Protein chains: 2
Amino acid sequence: LVGNRITRHYGIVNGTCNYILTRMKMEGAEFSDVLADAQRLGYAEAEPSLDVDGHDAAHKTGILASLAHGFWVNPKDIYVEGIRHITKIDIQFATQLGYTIKLLGIVKCAGENGAKGCKAQVSVYPTLVPNSHVLANVNQVFNAVYVRGDVVGDTLYYGRGAGQDATASAVLSDLADAALDRKCGAKNRVPPFVPHERKGAVVDIQDVISRYYLRLSVVDKPGTLAKIAAILGASKIGISSVIQPEGHEGESVPLILMIHDAPNSAMTRALKRISALGVVKAPPVMIRVETFD
Amino acid sequence: LVGNRITRHYGIVNGTCNYILTRMKMEGAEFSDVLADAQRLGYAEAEPSLDVDGHDAAHKTGILASLAHGFWVNPKDIYVEGIRHITKIDIQFATQLGYTIKLLGIVKCAGENGAKGCKAQVSVYPTLVPNSHVLANVNQVFNAVYVRGDVVGDTLYYGRGAGQDATASAVLSDLADAALDRKCGAKNRVPPFVPHERKGAVVDIQDVISRYYLRLSVVDKPGTLAKIAAILGASKIGISSVIQPEGHEGESVPLILMIHDAPNSAMTRALKRISALGVVKAPPVMIRVETFD
C-alpha cells in the first residue's frame with residue numbers, strides 16, 4: 001500500500017466480542033448467557049471488561065491509526081463503546097433491516113489540516129454493517145481489517161486474531177522479516193510511517209457524522225410518533241425508515257427508527273429531549289450504522 | 001506466512017465472472033442478459049471466452065499453485081469449467097439451500113509424495129459456497145484469495161482485481177519492493193518458494209472427492225425418485241437432502257439433490273446412467289459444493 005494514502009479503515013480486532021456477537025445472532029441468545037458460556041469455554045476471561053467494554057479494541061485501533069497516519073493517538077482521545085448493551089432484540093431488528101452488528105474500530109481521515117497534520121475520527125463502537133458487506137461475514141473469533149486506500153480502493157485482511165498457533169505464525173513471520181532486514185542492513189524496511197513522526201489530532205466524537213439505528217420503548221397511543229418525529233425534525237435529523245411492530249394500544253412497544261447522516265452532537269441533544277417524553281418508557285438505544293460509502 | 005505450509009487455497013480471481021454471478025443473484029437475471037449488459041458497460045470483453053469460460057482464472061490459479069507449492073503447473077493439467085451453464089434457477093435453488101455460487105480457483109495439497117513432491121488438486125469451477133462463509137460476500141468485481149496455512153489457520157486477502165488505479169497501486173508497491181531489494185543487495189527477499197524448484201503433480205479431477213449440487217429435470221410420476229436413488233446408492237453415493245417443488249403429475253419438474261462427499265469418477269458414471277433414464281428429460285446440472293472443512 002506504499003503508493004496510497006489510507007483514507008479510512010475499519011477493524012474487527014477483538015475476537016472475544018466477535019465470538020459473542022456471532023453466537024448471539026446465530027442462536028438468538030442474550031449477551032450475558034453467551035458471555036457466561038464463552039467464559040466456561042475459555043474464549044472470554046473471568047474478568048471480561050478489557051474485551052467486552054471495547055478497551056482492547058481501542059488499543060489496537062489506536063496502533064492502526066498511528067501506522068496509517070503517523071501521529072501518536074492518545075488512548076483517552078478514542079471514543080469507546082463496548083457490547084454489553086447489545087441485546088437479542090436489537091440483533092433481531094438489525095437482521096430484519098438487513099444488517100449485522102459488529103464491534104468496529106473505525107479510523108477515518110477527516111482531512112489534512114496543514115502543518116497540524118491529519119484530523120481523524122478514531123473510535124470503537126458496535127456498528128450495523130450491511131449483510132452484503134464482507135465484514136458482515138467475519139464471524140466467530142476471526143479478525144479482519146478493511147482498509148481503503150486512495151489509489152488501490154478497498155482491501156481486506158482476515159485471519160485469526162489470537163490462539164497459540166496463529167500467534168506463533170505471526171511471530172515467526174516477524175522474526176524472518178527482522179532477520180532479512182539485519183542480513184541486508186536495512187533499518188526500517190516496510191513501515192508506511194514511523195509512528196509519532198507526524199502531527200495530527202483525533203476528532204471529538206460529537207463532531208462525527210454518521211447514520212443511526214434507534215430503538216425506543218414507547219407507549220402505543222396516538223401522537224407518540226408525531227412527538228418523536230417533531231423533536232428529530234427540529235434538530236434537522238432525517239428519518240430514513242421506521243419499524244413499529246403491532247402492539248396493543250396503551251402498552252409499551254419497541255419503535256425502531258433508522259436515521260440519516262447526522263452529527264453525534266445533534267443526536268445527543270435530540271435523545272435527551274426524547275428521553276424526557278412521558279410516552280418513552282426506557283432509555284433510548286442508539287447504535288451507529290455504517291454504509292462504507 | 002513464511003512459517004506455514006499452505007494446505008489449500010481458494011481464489012475468486014476473475015472480476016468479470018464475479019461481477020456477472022453477483023448481478024445474476026441480486027437481480028434474478030440470466031447469464032446471457034447480464035453478460036450483454038456487462039459488455040455494454042465495459043466490464044466484459046466483446047469476446048468474453050477468456051473470462052467466462054474460466055481460462056483467465058485457470059492461469060492465475062496455476063500461478064498461485066506454483067507459488068504455494070513450488071512446482072510448475074502445466075495449464076493443460078488444470079480442470080476448468082466456466083460459468084456459461086449457470087442459470088437463474090440454479091442460483092435460486094442455491095440461495096434456498098443457503099449457498100452462493102462463485103467461480104473458485106481451488107488448490108488443495110493432497111499429500112506429500114516423497115521425492116515426487118506434492119500432489120495437488122488444481123482446478124477452476126463454479127462452486128456452491130455457504131452464505132456464512134466470507135467468500136460468499138466477495139461481490140461485484142472484487143477478488144479474494146482464501147489461504148489455509150497449517151500453522152496460521154485461515155486467512156483472506158481481498159481487493160480489486162483490475163482497474164487502472166488498483167493496478168497502478170500494485171505496480172508502485174512492486175517497484176518500491178524491488179528498489180528496496182536493490183538498495184540492500186537482496187536478490188530474492190520474499191518468495192515462499194522459487195517456482196519450479198520442486199517437483200509435484202496435479203491430481204486428475206476424476207480422483208477428486210467433493211460434494212455436489214445436482215439438478216435434474218424429471219417427469220413427476222411415481223417411482224422417479226426411487227430409480228434415481230437406486231443408481232446413486234449402487235454407486236455408493238449418499239444423498240444429504242432433496243428438494244422437489246410441487247408440480248403436476250406427468251409434467252417435467254426440477255429435482256434438486258445435495259450429494260455427500262464422493263469421487264468425481266463415481267458421479268460421472270452415475271450421471272451417465274441417470275441421463276439414460278426415460279424419466280430424465282434434460283442433461284443433469286452438476287455444481288460442486290465446498291464446505292471449507
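The values are calculated or read from the model by the stated rules, or taken from the named source; none is laboratory data. Keep in mind the model is a prediction, meaning the values are calculated, not measured. Backbone-built Cβ (ideal geometry, glycine too); neighbour counts: all protein chains shown. Side chains included, ligands, DNA and RNA excluded: accessible areas come from the protein's heavy atoms. Shrake-Rupley method; radii C 1.70, N 1.55, O 1.52, S 1.80 Å.
Data for the structure
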item	result
Net length gained if the chain between B:Ala266 and B:Val171 were fully extended (0.36 nm per residue, minus Cα distance)	29.6 nm
Accessible area that becomes buried as A packs against B, both chains, 1.4 Å probe, Å², nearest 100	2600 Å²
In Å², nearest 10: area of B:Glu27 left accessible to a 1.4 Å probe	100 Å²
Protein-only accessible surface order, largest first, of B:His133, B:His55 at 1.4 Å	B:His55, B:His133
Whole-number percent relative contact order across the stretch B:1-135, with pairs defined as alpha carbons under 8 Å at least 6 apart	29 percent
Per residue, the convex hull volume that the Cα atoms of the protein assembly as shown enclose (Å³)	201 Å³
Chain A - mean residue ellipticity at 222 nm from DSSP helices (-39,500 (n - 2.57) per run, n ≥ 4, rounded to 500)	-10000 deg cm²/dmol
Shape of the stretch A:244-291, Cα gyration tensor, a/c cut at 1.5	oblate
Probe 1.4 Å, accessible area per residue of chain B, Å²	46 Å²
B:Glu251-B:Asp207 FRET efficiency (beta carbon distance; Förster radius 35 Å; 0.05 resolution)	0.35
With Cα atoms, 0 to 90° folded angle of helix A:264-275 axis to chain A main axis	30 degrees
Cα-based helix-to-principal-axis angle, A:31-41 vs chain A, degrees rounded to 10	40 degrees
Normalised contact order of chain B, rounded percent, pairs of Cα under 8 Å and 6 or more residues apart	21 percent
Under 18 Å from the Cα of B:Lys183 - aspartates and glutamates, other chains or at least 8 residues apart	A:Asp177, A:Asp181, B:Asp174
Ratio of the Cα radius of gyration of the stretch A:1-83 to 2.2 N^0.38 Å, where N counts its residues	1.29
Relative contact order of the stretch B:97-250, pairs being alpha-carbon contacts under 8 Å that are 6 or more residues apart, as %	20 percent
Stokes-Einstein translational diffusion, chain B - Kirkwood Rh over all Cα pairs, 1.306 mPa s, 10 °C, in µm²/s	77 µm²/s
Largest-first ordering by accessible area, 1.4 Å probe, given options A:Met26, A:Met286	A:Met26, A:Met286
Accessible area of chain B belonging to carbon and sulfur atoms, whole % at 1.4 Å probe	54 percent
Per-q log10 I(q)/I(0), the stretch B:202-293, q = 0.14, 0.24, 0.25 Å⁻¹ (Debye; single scatterer per alpha-carbon; no solvent)	-0.48, -1.29, -1.38
Reduction of at least 40 Å² in accessible surface, 1.4 Å probe, comparing all protein chains with the chain by itself, residues of the stretch B:137-174	B:Asn137, B:Val151, B:Val152, B:Asp154, B:Leu156, B:Tyr158, B:Ser169
Candidate residues B:Arg211, B:Arg23: accessible-area rank, largest first, probe 1.4 Å	B:Arg211, B:Arg23
Bins of 5 Å from zero: percent of alpha-carbon pairs in the stretch A:70-160	3, 11, 17, 21, 20, 15, 8, 4, 1, 0
